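Engineer: Please read through the structure below; I'll follow up with questions.
A short reminder: the numbers here are calculations on the coordinates, not readings from a lab. Not measured: the values here are computed from a predicted model. Reconstructed Cβ throughout: ideal geometry from the backbone, glycine too, with neighbour counts over all protein chains shown.
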C-alpha cells in the first residue's frame, strides 16, 4: 500500500493539531487552577500583582513543556531506529532542528520564571533575581535548569550539523538532568521525608516527560507515515507503559504524603475539603483517562498499523495529549496550591 502524502494546509494541520491541543489544554488548566486556588488577600499585607500571580505559573508551564519536547525529540532516533538512515533522516533532521527551538524556549522560560519568582517573594519591591537565587533553593534550581537548557542547545546544534554522530542518549541525558532541579521549587522541598519524597518526585518528572514528549514527537512528526510509525509506536508503547506505572505510583505517593504531613488537615477528608486535595483528585481522573487512551493506542491501533490497515493514530494521540496538557496545567498549579 502506498503511503499517503500530505501536502500544504493538510500537513500543517496534522502536525500542529497535537501540539496546539497540548498547549491549549495546559494553558486553560493552569490559568483556571491558579484562579481557583488563589488565596484571599489580607489587608495590610503586600501581594504580587496579577502579572506575577498568573505569569509565574505560565512561565513554569512553558519551561516544562519545552523541556519535555526536547526530551521527546531526542528520544525519536531510539524509537525509529538507525538501520535505514536514508528513510529516517528527513524526520530526524526536523526533530533535531525543533529540539534547538524547544531548548531556547526552555532557557528563556527559566529566566522569566526566575524574575517572576523573585517578584513573588519580594512583593512591593523591585525584584532582585540575584538575591533570590542566592538565598532560595528554587532559584538555584531554575539556574541549573537554564544552564542545562543551554548545554542541551549546544549539543542539539552539533546534532543539526553532524546528525546522529552526536548520540541521542547524550541529548536525552542532558535534557532529563535539566528537569531534575524543578521539584525543588514545589512542596517536595519542604517534606519531612525529604530523601524518599525527592526521589519519588524526580521519577515522576522524568517518567512524565519521556511519556508526553515521546508521544508529542510521534504525533507531530509521524502521524501519517505508514512505514516509520508502525516501527516506532510499539517501542514507544513499552516506554509509555513503564512511565504510566512510575508516574501514577509516584504521583499518588507524593500527593498523599503532602496531605498526610499537613498540620491543619487530615486524610482522607482533606482530599475533598482542600484545593490541593481536589486538584489531586482531578489529576488522578485525568491520569486514568490518559491510561485508557494509551491502552487504545497499544491494543487497537498498533495491530491495525502493523497490518497496514487504517488507524486513527493522530486523533487518539491528539486526545491523549489534550488530557496530558490538562494534567500538566493542574500539576503546575498543584505545586503552588496551599495544602490547608
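Engineer: Can you tell me the 0 to 90 degree angle between the C-alpha axis of helix 313-334 and the longest principal axis of the chain, rounded to 10?
Structural biologist: Here the helix axis deviates by roughly 20 degrees.
Engineer: Residue 261 to residue 131: extension gain in nm, 0.36 nm per residue of separation minus the Cα-Cα distance? Intermediate results must be reported in sequence, preceding the final value.
Structural biologist: Numbers: separation 130, 0.36 × 130 = 46.80 nm, distance 2.98 nm.
Contour length minus the Cα-Cα distance gives 43.8 nm.
Engineer: Out of 35, 98, 316, any idea which swings most in a Gaussian network model of the chain, alpha carbons joined below 10 Å?
Structural biologist: In the Gaussian network model the winner is 35.
Engineer: Testing the spin-label approximation: label points 7 Å from Cα along Cα→Cβ at residue 157 and residue 78. State their distance in nm.
Structural biologist: Between residue 157 and residue 78, the simple spin-label model gives 2.6 nm.
Engineer: Related question: Using only Cα atoms and rounding to the nearest 10 degrees, what angle (0 to 90) does helix 168-179 make with the longest principal axis of the chain?
Structural biologist: Taking Cα atoms only, the helix is inclined about 20 degrees.
Engineer: Next question. Label-point separation (nm) for residue 150 and residue 51, each offset 7 Å from Cα along Cα-to-Cβ?
Structural biologist: 2.4
Engineer: Using a/c under 1.5 as the rounded threshold, could you call region 274-340 rounded, prolate or oblate? The axes a ≥ b ≥ c are square roots of the C-alpha gyration tensor eigenvalues, and prolate needs a/b larger than b/c, oblate otherwise.
Structural biologist: On the way: a/c = 5.55, a/b = 3.32, b/c = 1.67.
Taking the square roots of the gyration eigenvalues as a ≥ b ≥ c, region 274-340 is prolate.
Engineer: Do the sum for the chain: with -39,500 (n - 2.57) for every DSSP H run of n ≥ 4, divided by all residues, what is the mean residue ellipticity at 222 nm, to the nearest 500 deg cm²/dmol? Don't skip to the answer; put the middle values down first.
Structural biologist: Working: 12 runs with 257 residues, N = 340.
Helices in the chain give a 222 nm mean residue ellipticity of -26500 deg cm²/dmol.
Engineer: For the chain, take the longest principal axis of its alpha carbons; what is the angle in degrees between that and the long axis of helix 228-260, to the nearest 10 within 0 to 90?
Structural biologist: Approximately 10 degrees, to the nearest ten.
Engineer: Could you work out how much longer the chain between residue 122 and residue 307 gets when fully extended? Use 0.36 nm per residue separation minus the Cα distance between them, nm to one decimal. Numbers along the way, then the final one.
Structural biologist: Details: separation 185, 0.36 × 185 = 66.60 nm, distance 6.00 nm.
So the chain would gain 60.6 nm between residue 122 and residue 307.
Engineer: Follow-up. Can you put 117, 266, 237 in order of Cβ neighbours within 10 angstrom, beginning with the fewest? Intermediate values should be presented prior to the final figure.
Structural biologist: On the way: 117 24, 266 11, 237 19.
Taking fewest neighbouring Cβ atoms as first place, the list is 266, 237, 117.
Engineer: Here is a further query. Working out 0.36 nm times the residue gap between residue 292 and residue 252, then minus their Cα-Cα distance, what length gain in nm do you get to one decimal?
Structural biologist: Details: separation 40, 0.36 × 40 = 14.40 nm, distance 1.80 nm.
Going from the current span to full extension adds 12.6 nm.
Engineer: Can you bin region 139-289 into rounded, prolate or oblate? Criterion: square roots of the alpha carbon gyration tensor eigenvalues sorted a ≥ b ≥ c, rounded for a/c under 1.5, prolate for a/b above b/c, oblate for the rest. The partial results should precede the final answer.
Structural biologist: Details: a/c = 3.05, a/b = 1.58, b/c = 1.93.
Oblate shape, in that a/c is at least 1.5 and b/c is the bigger or equal ratio.
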